[in-house]
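The values are calculated or read from the model by the stated rules, or taken from the named source; none is laboratory data. Keep in mind it's a predicted model, so treat the numbers as computed, not measured. Methodologically, a virtual Cβ is constructed for each residue, glycine included, from the backbone with ideal geometry; neighbour enumeration extends over all protein chains shown.
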Amino acid sequence: MGIFDRIREGLKKTRDAVAEQAAAVFLPGHKLTDEDYETLETALLRADVGPAAAERVLEGVRKRLGDRSAEKPAEAVRAEIEAVLNGTGGGAAAGAGPRPVGAAAPHVTLVVGVNGTGKTTTIAKLANRYKAAGDSVLLVACDTFRAAASDQLQIWADRAGVPIHRQTEGADPAAVAFDGAARAKSMGVKRVIFDTAGRLHVKANLMAELEKVRRVIDRAIPGAPHETLLVLDATTGQNGLAQAREFAKAIPVTGLVLTKLDGTAKGGVALAIAETLKLPIRWVGVGEGMEDLVPFDAKEFAAALVGD
(Lines give C-alpha, C1' and ligand atoms only; values in the text may rest on other atoms or scores of the structure.)
Protein backbone atom coordinates (compact mmCIF):
# COMPACT_ATOMS: atom_id res chain seq x y z
CA MET A 1 0.00 0.00 0.00
CA GLY A 2 1.44 3.38 -1.03
CA ILE A 3 1.73 6.43 1.21
CA PHE A 4 -1.32 8.13 -0.32
CA ASP A 5 -3.39 4.97 0.14
CA ARG A 6 -2.34 4.80 3.78
CA ILE A 7 -3.30 8.42 4.37
CA ARG A 8 -6.57 7.96 2.50
CA GLU A 9 -7.44 4.87 4.52
CA GLY A 10 -6.44 6.60 7.75
CA LEU A 11 -8.70 9.56 7.02
CA LYS A 12 -11.70 7.44 6.04
CA LYS A 13 -13.75 8.28 9.15
CA THR A 14 -13.08 12.00 8.78
CA ARG A 15 -13.76 11.93 5.02
CA ASP A 16 -17.03 10.06 5.56
CA ALA A 17 -18.10 12.63 8.17
CA VAL A 18 -17.44 15.50 5.76
CA ALA A 19 -19.13 13.72 2.84
CA GLU A 20 -22.19 12.88 4.92
CA GLN A 21 -22.69 16.53 5.72
CA ALA A 22 -21.69 18.12 2.43
CA ALA A 23 -22.17 15.53 -0.33
CA ALA A 24 -24.52 17.77 -2.34
CA VAL A 25 -22.06 20.66 -2.14
CA PHE A 26 -19.44 18.67 -4.02
CA LEU A 27 -21.64 17.62 -6.94
CA PRO A 28 -20.02 18.54 -10.30
CA GLY A 29 -21.57 21.61 -11.86
CA HIS A 30 -23.28 22.62 -8.64
CA LYS A 31 -23.22 26.37 -8.02
CA LEU A 32 -22.77 27.05 -4.33
CA THR A 33 -25.37 29.10 -2.50
CA ASP A 34 -25.05 30.83 0.86
CA GLU A 35 -26.78 27.82 2.37
CA ASP A 36 -24.19 25.53 0.77
CA TYR A 37 -21.38 27.54 2.34
CA GLU A 38 -23.05 27.18 5.73
CA THR A 39 -23.33 23.44 5.13
CA LEU A 40 -19.68 23.26 4.15
CA GLU A 41 -18.70 25.23 7.25
CA THR A 42 -20.66 22.83 9.43
CA ALA A 43 -18.94 19.86 7.77
CA LEU A 44 -15.49 21.36 8.34
CA LEU A 45 -16.23 22.17 11.97
CA ARG A 46 -17.60 18.67 12.46
CA ALA A 47 -14.24 17.35 11.25
CA ASP A 48 -12.59 19.58 13.90
CA VAL A 49 -10.99 21.92 11.38
CA GLY A 50 -11.59 24.77 13.83
CA PRO A 51 -13.27 28.15 13.26
CA ALA A 52 -10.21 30.09 12.03
CA ALA A 53 -9.11 27.48 9.50
CA ALA A 54 -12.69 26.85 8.36
CA GLU A 55 -13.19 30.56 7.73
CA ARG A 56 -9.97 30.75 5.73
CA VAL A 57 -10.95 27.75 3.61
CA LEU A 58 -14.40 29.19 2.89
CA GLU A 59 -12.99 32.61 1.97
CA GLY A 60 -10.61 30.94 -0.47
CA VAL A 61 -13.33 28.79 -1.99
CA ARG A 62 -15.59 31.82 -2.53
CA LYS A 63 -12.77 33.59 -4.33
CA ARG A 64 -11.90 30.60 -6.49
CA LEU A 65 -15.48 29.87 -7.49
CA GLY A 66 -16.07 33.54 -8.23
CA ASP A 67 -13.56 33.23 -11.04
CA ARG A 68 -15.15 32.18 -14.35
CA SER A 69 -12.34 29.70 -14.91
CA ALA A 70 -12.60 28.25 -11.44
CA GLU A 71 -12.57 24.51 -10.81
CA LYS A 72 -15.29 22.30 -9.41
CA PRO A 73 -16.39 22.90 -5.80
CA ALA A 74 -14.55 19.82 -4.50
CA GLU A 75 -11.37 20.88 -6.29
CA ALA A 76 -11.61 24.37 -4.82
CA VAL A 77 -12.05 23.00 -1.30
CA ARG A 78 -9.10 20.63 -1.73
CA ALA A 79 -6.91 23.46 -3.01
CA GLU A 80 -7.78 25.72 -0.08
CA ILE A 81 -7.21 22.96 2.47
CA GLU A 82 -3.81 22.33 0.92
CA ALA A 83 -3.05 26.07 1.03
CA VAL A 84 -3.76 26.26 4.75
CA LEU A 85 -1.65 23.16 5.44
CA ASN A 86 1.21 24.46 3.31
CA GLY A 87 1.14 27.92 4.79
CA THR A 88 0.09 29.80 1.66
CA GLY A 89 -3.27 30.27 3.31
CA GLY A 90 -1.63 31.84 6.34
CA GLY A 91 -0.87 28.68 8.32
CA ALA A 92 2.34 26.82 9.01
CA ALA A 93 4.58 25.52 6.29
CA ALA A 94 4.10 21.81 6.81
CA GLY A 95 7.27 19.78 6.30
CA ALA A 96 7.21 16.13 5.33
CA GLY A 97 9.43 13.31 6.42
CA PRO A 98 12.65 13.05 8.39
CA ARG A 99 15.00 15.96 8.84
CA PRO A 100 18.32 15.39 7.02
CA VAL A 101 21.35 14.18 8.95
CA GLY A 102 24.26 16.59 8.72
CA ALA A 103 27.95 15.90 9.04
CA ALA A 104 27.92 16.51 12.79
CA ALA A 105 26.31 13.20 13.77
CA PRO A 106 24.53 12.07 15.76
CA HIS A 107 21.32 13.78 14.73
CA VAL A 108 19.16 14.10 17.85
CA THR A 109 15.37 13.89 17.98
CA LEU A 110 13.59 14.62 21.27
CA VAL A 111 10.05 13.23 21.43
CA VAL A 112 7.53 14.74 23.87
CA GLY A 113 3.81 14.61 24.58
CA VAL A 114 1.13 13.80 27.13
CA ASN A 115 0.34 10.27 28.25
CA GLY A 116 -1.52 8.05 25.82
CA THR A 117 -0.75 9.90 22.59
CA GLY A 118 1.23 7.03 21.06
CA LYS A 119 4.63 8.51 21.81
CA THR A 120 6.47 5.22 22.38
CA THR A 121 5.10 3.53 19.27
CA THR A 122 5.88 6.65 17.25
CA ILE A 123 9.51 6.44 18.37
CA ALA A 124 9.69 2.81 17.31
CA LYS A 125 8.19 3.60 13.91
CA LEU A 126 10.65 6.44 13.41
CA ALA A 127 13.54 4.15 14.34
CA ASN A 128 12.27 1.53 11.94
CA ARG A 129 12.10 4.08 9.10
CA TYR A 130 15.55 5.47 9.79
CA LYS A 131 17.08 2.02 9.96
CA ALA A 132 15.39 1.01 6.70
CA ALA A 133 16.92 4.13 5.14
CA GLY A 134 20.37 2.94 6.17
CA ASP A 135 20.93 5.04 9.31
CA SER A 136 22.19 3.58 12.58
CA VAL A 137 19.86 4.42 15.47
CA LEU A 138 19.99 4.48 19.27
CA LEU A 139 16.92 4.93 21.49
CA VAL A 140 17.29 6.57 24.91
CA ALA A 141 14.64 5.79 27.51
CA CYS A 142 14.24 8.93 29.64
CA ASP A 143 10.81 7.90 30.92
CA THR A 144 11.96 6.52 34.26
CA PHE A 145 8.79 7.16 36.24
CA ARG A 146 6.03 5.26 34.48
CA ALA A 147 6.01 1.62 35.50
CA ALA A 148 7.63 -0.59 32.87
CA ALA A 149 8.03 2.34 30.45
CA SER A 150 11.60 1.31 29.62
CA ASP A 151 10.46 -2.29 29.20
CA GLN A 152 7.84 -1.16 26.70
CA LEU A 153 10.39 0.83 24.74
CA GLN A 154 12.76 -2.14 24.88
CA ILE A 155 10.14 -4.36 23.25
CA TRP A 156 9.63 -1.84 20.45
CA ALA A 157 13.40 -1.38 20.04
CA ASP A 158 13.76 -5.13 19.64
CA ARG A 159 11.04 -5.15 17.00
CA ALA A 160 12.77 -2.36 15.12
CA GLY A 161 16.13 -4.05 15.57
CA VAL A 162 17.86 -1.06 17.17
CA PRO A 163 19.78 -0.71 20.47
CA ILE A 164 18.42 1.10 23.49
CA HIS A 165 20.06 2.97 26.37
CA ARG A 166 18.14 2.59 29.62
CA GLN A 167 18.68 2.77 33.37
CA THR A 168 16.78 1.66 36.44
CA GLU A 169 13.25 2.81 37.17
CA GLY A 170 13.28 6.07 39.11
CA ALA A 171 16.62 7.26 37.76
CA ASP A 172 17.05 10.97 37.05
CA PRO A 173 15.79 11.54 33.48
CA ALA A 174 18.41 14.22 32.84
CA ALA A 175 21.21 11.87 33.91
CA VAL A 176 19.83 9.17 31.62
CA ALA A 177 19.74 11.69 28.78
CA PHE A 178 23.35 12.75 29.36
CA ASP A 179 24.64 9.17 29.52
CA GLY A 180 22.56 8.24 26.47
CA ALA A 181 24.03 11.09 24.48
CA ALA A 182 27.55 10.05 25.48
CA ARG A 183 26.84 6.48 24.42
CA ALA A 184 25.45 7.64 21.08
CA LYS A 185 28.66 9.57 20.40
CA SER A 186 30.87 6.65 21.42
CA MET A 187 28.89 4.27 19.20
CA GLY A 188 29.03 6.66 16.26
CA VAL A 189 25.34 6.29 15.46
CA LYS A 190 23.74 8.63 12.94
CA ARG A 191 20.49 9.14 14.81
CA VAL A 192 19.53 9.09 18.47
CA ILE A 193 15.92 9.39 19.62
CA PHE A 194 15.12 10.40 23.20
CA ASP A 195 11.88 9.21 24.75
CA THR A 196 10.48 11.29 27.61
CA ALA A 197 7.87 10.69 30.27
CA GLY A 198 4.37 11.57 29.20
CA ARG A 199 3.33 14.63 31.16
CA LEU A 200 0.26 16.78 31.51
CA HIS A 201 0.81 20.12 29.82
CA VAL A 202 -0.71 21.91 32.81
CA LYS A 203 1.93 20.63 35.27
CA ALA A 204 4.58 23.35 35.46
CA ASN A 205 7.08 21.25 37.41
CA LEU A 206 7.00 18.46 34.84
CA MET A 207 7.42 20.90 31.99
CA ALA A 208 10.39 22.40 33.78
CA GLU A 209 11.91 18.94 34.08
CA LEU A 210 11.49 18.49 30.35
CA GLU A 211 13.39 21.71 29.73
CA LYS A 212 16.17 20.38 31.97
CA VAL A 213 16.43 17.23 29.86
CA ARG A 214 16.67 19.38 26.75
CA ARG A 215 19.45 21.50 28.28
CA VAL A 216 21.42 18.42 29.29
CA ILE A 217 21.19 16.99 25.77
CA ASP A 218 22.46 20.30 24.41
CA ARG A 219 25.37 20.20 26.86
CA ALA A 220 26.33 16.69 25.79
CA ILE A 221 25.81 17.29 22.06
CA PRO A 222 26.10 21.03 21.32
CA GLY A 223 23.21 22.25 19.19
CA ALA A 224 21.01 19.29 20.05
CA PRO A 225 18.23 18.38 19.99
CA HIS A 226 18.13 19.11 16.30
CA GLU A 227 14.45 18.23 16.19
CA THR A 228 11.82 18.25 18.94
CA LEU A 229 8.67 16.41 17.94
CA LEU A 230 5.44 16.83 19.87
CA VAL A 231 3.13 13.83 19.52
CA LEU A 232 -0.58 14.68 19.48
CA ASP A 233 -3.50 12.26 19.51
CA ALA A 234 -5.89 13.21 16.68
CA THR A 235 -8.84 11.73 18.58
CA THR A 236 -8.56 14.53 21.16
CA GLY A 237 -9.36 17.12 18.50
CA GLN A 238 -9.14 20.73 19.63
CA ASN A 239 -7.69 19.72 23.00
CA GLY A 240 -4.49 18.96 21.13
CA LEU A 241 -4.15 22.67 20.41
CA ALA A 242 -4.02 23.49 24.11
CA GLN A 243 -1.41 20.79 24.66
CA ALA A 244 0.76 22.07 21.83
CA ARG A 245 0.61 25.67 23.07
CA GLU A 246 1.85 24.73 26.53
CA PHE A 247 4.61 22.45 25.29
CA ALA A 248 5.78 25.14 22.89
CA LYS A 249 6.01 27.57 25.81
CA ALA A 250 8.25 25.18 27.75
CA ILE A 251 10.56 24.01 24.97
CA PRO A 252 11.19 24.92 21.32
CA VAL A 253 9.00 22.43 19.47
CA THR A 254 10.07 22.10 15.83
CA GLY A 255 7.41 19.78 14.48
CA LEU A 256 4.35 17.69 15.22
CA VAL A 257 3.33 14.06 14.86
CA LEU A 258 -0.42 13.52 14.55
CA THR A 259 -1.32 9.98 15.61
CA LYS A 260 -4.44 7.77 15.54
CA LEU A 261 -5.95 9.42 12.48
CA ASP A 262 -7.49 6.08 11.54
CA GLY A 263 -9.52 6.04 14.76
CA THR A 264 -11.24 9.40 14.55
CA ALA A 265 -13.55 11.58 12.47
CA LYS A 266 -11.61 14.62 13.75
CA GLY A 267 -8.71 14.46 11.29
CA GLY A 268 -9.46 18.03 10.26
CA VAL A 269 -7.64 19.12 13.41
CA ALA A 270 -4.51 19.12 11.22
CA LEU A 271 -5.83 22.34 9.64
CA ALA A 272 -6.51 23.90 13.03
CA ILE A 273 -2.96 23.08 14.04
CA ALA A 274 -1.44 24.56 10.88
CA GLU A 275 -3.58 27.69 11.01
CA THR A 276 -3.38 28.39 14.74
CA LEU A 277 -0.02 27.12 15.96
CA LYS A 278 2.20 27.86 12.98
CA LEU A 279 3.99 24.54 13.60
CA PRO A 280 4.74 22.08 10.79
CA ILE A 281 3.27 18.60 10.82
CA ARG A 282 6.09 16.13 10.09
CA TRP A 283 4.40 12.76 10.36
CA VAL A 284 0.93 11.22 10.66
CA GLY A 285 0.06 7.91 12.25
CA VAL A 286 -2.56 5.90 10.39
CA GLY A 287 -2.43 2.52 12.12
CA GLU A 288 -0.68 0.26 14.60
CA GLY A 289 1.83 -1.35 12.23
CA MET A 290 5.48 -0.37 11.93
CA GLU A 291 4.81 1.00 8.44
CA ASP A 292 1.82 3.07 9.55
CA LEU A 293 3.74 6.27 10.26
CA VAL A 294 3.95 8.24 7.03
CA PRO A 295 5.46 11.60 6.06
CA PHE A 296 2.91 14.37 6.06
CA ASP A 297 2.04 15.71 2.62
CA ALA A 298 -0.44 18.59 2.41
CA LYS A 299 -1.64 17.79 -1.12
CA GLU A 300 -2.23 14.13 -0.38
CA PHE A 301 -3.85 14.96 2.95
CA ALA A 302 -6.26 17.42 1.31
CA ALA A 303 -7.18 14.92 -1.41
CA ALA A 304 -7.74 12.16 1.17
CA LEU A 305 -9.83 14.44 3.38
CA VAL A 306 -12.23 15.68 0.70
CA GLY A 307 -12.25 12.63 -1.53
CA ASP A 308 -12.73 12.39 -5.26
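Are any of the residues in the range 213-225 among the acidic types (Asp, Glu) and in contact with a Leu (Cβ under 6 Å, 6 or more places away or on another chain)? No - not one qualifying residue is present in the range 213-225.
Listed here are the residues, each with its yes/no results for (1) out of contact with any helix residue (DSSP H, G or I) (no Cβ under 8 Å at 6 or more places or on another chain); (2) modelled with pLDDT of 95 or more; (3) among the charged types (D, E, K, R).
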{"position": "LEU126", "(1), (2), (3)": "yes, yes, no"}
{"position": "ALA148", "(1), (2), (3)": "yes, no, no"}
{"position": "ASP172", "(1), (2), (3)": "yes, no, yes"}
{"position": "LEU200", "(1), (2), (3)": "no, no, no"}
{"position": "LEU206", "(1), (2), (3)": "yes, no, no"}
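Across the range 1-49, which residue is surrounded by the most Cβ atoms within 10 Å (Cβ to Cβ) among those that are under 26 Å from the mean Cα position of the chain (by Cα) and among the hydroxyl-bearing types (Ser, Thr, Tyr)? Among residues in the range 1-49 that are under 26 Å from the mean Cα position of the chain (by Cα) and among the hydroxyl-bearing types (Ser, Thr, Tyr), the one surrounded by the most Cβ atoms within 10 Å (Cβ to Cβ) is THR14. Among the residues making up the range 209-244, those that are closer than 18 Å to VAL49 by Cβ, surrounded by fewer than 19 Cβ atoms within 10 Å (Cβ to Cβ) and out of contact with any helix residue (DSSP H, G or I) (no Cβ under 7 Å at 6 or more places or on another chain) are ASN239, ALA242.
Restricting attention to the range 166-208, the residues that are crowded, with 22+ Cβ neighbours inside 10 Å, of a type in the set (Gly, Ala, Ser) and farther than 19 Å from PRO252 by Cβ total 2.
Restricting attention to the range 156-176, the residues that are part of a helix (DSSP H, G or I) and more than 23 Å from the chain's Cα centre (by Cα) total 5. Applying the condition of being assigned to a helix (DSSP H, G or I) and in contact (Cβ under 8 Å) with a residue 60 or more places away in the chain to the range 245-268 and asking which residue is surrounded by the most Cβ atoms within 10 Å (Cβ to Cβ) yields LEU261. For ARG282, the stated conditions hold: it is of a type in the set (Lys, Arg), under 30 Å from LYS190 (Cα atoms) and in a strand (DSSP E or B). Considering each residue of the range 241-253 in turn, none proves to be within 12 Å of the chain's Cα centre (by Cα) and not aliphatic (A, V, I, L, M).
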